[in-house]
Amino acid sequence: MTQIRTADLTKTFADAGGGVTALDALTLTIEDGEFFALLGPSGCGKTTLLRTLAGLETPSSGAVYIGEADMTRTPAGKRGVAMVFQDYALFPHMTVTENIAYPLRVRGVPKAQQREAVLAAAADLGLTGTDTTVGLLDRRPEALSGGQQQRVALARATAAKPSVFLFDEPLSNLDARLRLEARTFLKRLQRELAVTTVFVTHDQAEALALADRIAVMQSGRIRQLGTPREVYRRPANTFVASFIGSTPMNLLEGVVRDGRVLVADSEIAPPDGTGERLAERAAVVLGARPEYFRVSPDPLDGAFRGTVEVAENLGSSLLLTLDVSGTAVQVVVAEEDEPEPRATVWALPRADRTLLYADGELVG
Ligand SMILES: Nc1ncnc2c1ncn2[C@@H]1O[C@H](COP(=O)(O)OP(=O)(O)OP(=O)(O)O)[C@@H](O)[C@H]1O
Ligand SMILES: [Mg+2]
C-alpha cells in the first residue's frame with residue numbers, strides 16, 4: 001500500500017533577489033495505485049515537487065510520507081521510488097542491458113536475478129526483438145531513437161520494481177505520433193503494474209488523457225485538484241479555466257443586470273440556478289468553451305451576435321473567431337457549417353455548460 005502524502009511542504013531557493021518559493025505549503029494525498037498528474041505552466045514547481053518526493057531535494061519545511069513512513073529525511077536510494085527524467089538520463093557508456101540492470105546492481109541483487117528482471121522488463125517494453133524487429137539489448141543509447149531511449153528508461157524504472165513511479169515530462173522529447181503511442185503504452189503499463197505514479201507535464205491534453213486525478217499548480221500552490229472531468233467541466237478558477245482545454249475557454253467580462261449577464265452588448269442567461277443569487281451590477285466573468293455553442297445564421301434569443309473574423313481548420317471542425325461588439329468570442333462549428341467571411345452569426349452558449357466567475361473564483 002503506497003500512498004504518498006505531503007504536509008505543508010515548502011521549498012525556497014535562495015537567489016540574488018532574496019529567494020524563490022518553488023513550493024508553498026503544499027498539502028496533498030496521492031492514493032495507492034493512482035495515476036496522478038501534476039500540471040502547470042513553466043516554473044510553477046512541478047519538478048521541484050517531484051524531486052522532493054524522490055529525495056533529490058530537501059524541503060525547507062514540511063514533510064513527505066511514502067506509505068506509512070515519514071521519508072522527509074530518507075535518502076533517495078532508500079525510498080523505493082523510480083524516477084524517469086525528461087532527458088531519460090541513460091548512461092551513455094553502458095549498453096541497454098547494463099542501463100536497465102544498473103539500479104539492481106547498485107542494490108547488490110545477484111547476477112542471475114538481475115538478468116531475469118532485465119529480460120522481463122525489456123520484453124514488456126518491446127526491447128528484446130521479435131520475428132520482425134531486432135533486439136536492442138546490446139546497443140548503447142547513442143544508437144537508439146528518442147522513443148527507444150524512452151522505453152529503456154521506462155524498463156530501467158520498472159525492472160527495479162519500485163513502489164512509486166515519478167515521471168518528469170517523459171514524453172516531451174518525442175514527436176507527436178510517437179508521443180501518442182508512448183502515452184497509451186504508459187497508461188497500460190501503469191494499469192498492469194498498479195504502481196502509484198506521479199506524472200509531471202505542462203501539456204493539459206496529456207494530463208487529461210492519462211490521469212486518474214490532476215493537480216493544477218501555479219506558483220508553488222495547487223489551484224485545483226480533481227478528476228480530468230472535474231477540472232475540464234468545472235475549472236475552480238479562471239487560472240485553471242484558461243489553462244485546460246485544447247482551444248482556450250472564452251472568459252468574457254460582464255456585469256449582472258436583471259438576473260442576466262451583460263457581455264459585450266449581449267444578454268446571456270447565467271448558468272442554471274445562479275440567476276437569483278447574482279447581485280445586481282456585480283462584475284463577473286462568463287466562461288464558455290468554444291465547443292459548447294450553438295451557432296446559427298439566424299437570430300437566437302440570449303445569443304451573442306457577432307461577425308466572423310477568422311475561421312481556423314481544426315481538422316474535423318472549425319474554430320471561428322467572432323467579433324462581438326469589439327470582444328473576441330471563439331466557437332467551434334462543424335466543417336460543413338462554415339459561414340461566409342464577415343457573415344453575421346448568433347452564438348448561443350449552452351446554459352448547462354456555462355460557468356460564472358466572480359473575483360476569479362467559480363460561483364456557478
Ligand atoms: N536549483 C534551483 N535554484 C534556484 N531556483 C530554482 C532551482 N530549481 C528550481 N528553481 C526555481 O523554482 C521554481 C520552480 O521550478 P521547477 O523546476 O520546479 O518548475 P517546473 O514547474 O518544473 O517548470 P518547467 O515546466 O519549466 O519544467 C522556478 O522559479 C525555478 O526558477
Ligand atoms: Mg520541470
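The values are calculated or read from the model by the stated rules, or taken from the named source; none is laboratory data. Note that the structure is predicted; figures quoted are calculated from it, not measured. Cβ coordinates were reconstructed from backbone atoms using ideal geometry, including for glycine residues, and neighbour counts include every protein chain displayed. Note: areas computed on protein heavy atoms with side chains; ligands, DNA, RNA excluded. Shrake-Rupley method; radii C 1.70, N 1.55, O 1.52, S 1.80 Å.
Of note:
- Largest to smallest principal axis extent of the C-alpha atoms in region 172-302, angstrom: 55, 37, 24
- Share of carbon and sulfur in the accessible area of the chain stands at 48%, probe radius 1.4 Å.
- 5 angstrom amide H check on residue 360, placed H, neighbours 5+ away: none
- Between 48, 356, 232, the Cα set farthest toward the positive side of the dipole of the chain (charges on each charged residue's Cβ, about the Cα centre) is that of 48.
- Tail fraction, Cα-Cα pairs, the chain, threshold 33 Å, whole percent: 43
- Distance from the Cα centroid of region 63-106 to that of region 113-184 is 15 Å (rounded to whole angstrom).
- Average accessible surface area per residue within region 4-242, 1.4 Å rolling probe, Å²: 46
- Applied to region 221-230, the Karplus parametrisation 6.51 cos²θ - 1.76 cosθ + 1.60 on θ = phi - 60° returns per-residue 3J(HN,Hα) values of 10, 8, 8, 7, 10, x, 6, x, 4, 5 Hz, with x for Gly and Pro.
- Summary of packing: across the peptides 97-107, 306-316, the per-residue average of other C-beta atoms within 10 Å ranks them, highest first, as 97-107, 306-316.
- Distance (nanometres) between label positions extended 7 Å along Cα→Cβ at residue 68 and residue 307: 7.1
- Note on residue 93: accessible area is roughly 120 Å² with a 1.4 Å probe, heavy atoms of protein only.
- Of the whole protein surface, residue 260 contributes about 70 Å² of accessible area at a 1.4 Å probe radius.
- Calculated on the alpha-carbon coordinates, the convex hull of region 248-359 measures out at 91 cubic angstrom per residue.
- Lys/Arg +1, Asp/Glu -1 at C-beta; the chain dipole; positive extreme among 102, 205, 287: 102
- Viscosity 0.890 mPa s, temperature 25 °C, Stokes-Einstein D of region 98-160 from Kirkwood C-alpha radius, µm²/s: 210
- Unit charges on C-beta of K, R, D, E only; dipole of the chain, Debye: 1680
- Cα centroids of region 291-334 and region 185-254: 26 Å apart.
- Reciprocal of mean inverse Cα separation for region 138-220 (Kirkwood radius, Å): 13.7
- Couplings for region 314-327, taken from phi via the Karplus curve 6.51 cos²θ - 1.76 cosθ + 1.60 with θ = phi - 60°, read 9, x, 8, 9, 10, 9, 9, 9, 9, 9, 10, 6, x, 9 Hz in order; Gly and Pro are left as x.
- Subset of 111/187; 78/187; 11/187; 161/187; 11/161 violating a 22 Å alpha-carbon distance limit: 111/187; 78/187; 11/187; 11/161
- For region 4-242: relative contact order, % (alpha-carbon pairs under 8 angstrom, 6 or more apart): 28
- Placed amide H near residue 199: partners under 5 Å, 5+ positions off or other chain: 36, 37, 38, 167
- Distance between the 7 Å Cα→Cβ label points at residue 188 and residue 358: 5.0 nm.
- Signed unit charges on C-beta, dipole axis of region 1-77, positive-most listed residue 59, 25, 71: 59
- Approximate spin-label separation residue 344-residue 209, in nm, with each point projected 7 Å along Cα-to-Cβ: 4.3
- Per residue, in Å², the accessible surface of region 248-359 once ligands and nucleic acids are set aside, probe 1.4 Å: 51
- Normalised contact order of region 1-117, rounded percent, pairs of Cα under 8 Å and 6 or more residues apart: 24
- FRET efficiency estimate (nearest 0.05) - Cβ-Cβ, residue 335 to residue 176, R0 22 angstrom: 0.50
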